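So the structure is just underneath, and the comments pick up after that.
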């Protein structure tokens, strides 16, 4: 259930950061963490993928939100 104050839904936000390892991104670990947080009510709503050099990304940021109850 969402917190509504003066007709406005209230949310909290979180940013997860995953970095490039010597074998690339650990997509299995990313999926596990997202599923664990999803079970706690968090929802992925966006990504931040900065690039360096010739467009290579060395980190991924995932923006999450969940309703304040």
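Just so you know, all these numbers are worked out from the coordinates, no wet-lab data involved. Owing to the predicted nature of the structure, the values given are computational and were not obtained by experimental measurement. Note that each Cβ is placed from the backbone with ideal geometry, even for glycine, and that neighbours are counted across all protein chains shown.
Based on this model, can you work out whether residue 32 counts as free of Cβ contacts under 8 Å to residues at least 40 places away in the same chain, loosely packed, with under 13 Cβ neighbours inside 10 Å and on the phi < 0 side of the Ramachandran plot? Taking the combined requirement at face value, the residue satisfies it.
The chain holds strands (runs of 3 or more DSSP E) entirely within its bounds, and those carrying 2 or more residues that are touching a strand residue (DSSP E or B) at 6+ places or on another chain (Cβ under 7 Å) map to 8-19, 43-48, 59-67. Restricting segment 41-69 to residues that are more than 13 Å from the chain's Cα centre (by Cα) and touching a residue at least 12 places away in the same chain (Cβ under 8 Å) leaves a set whose member that is surrounded by the fewest Cβ atoms within 10 Å (Cβ to Cβ) is 69.
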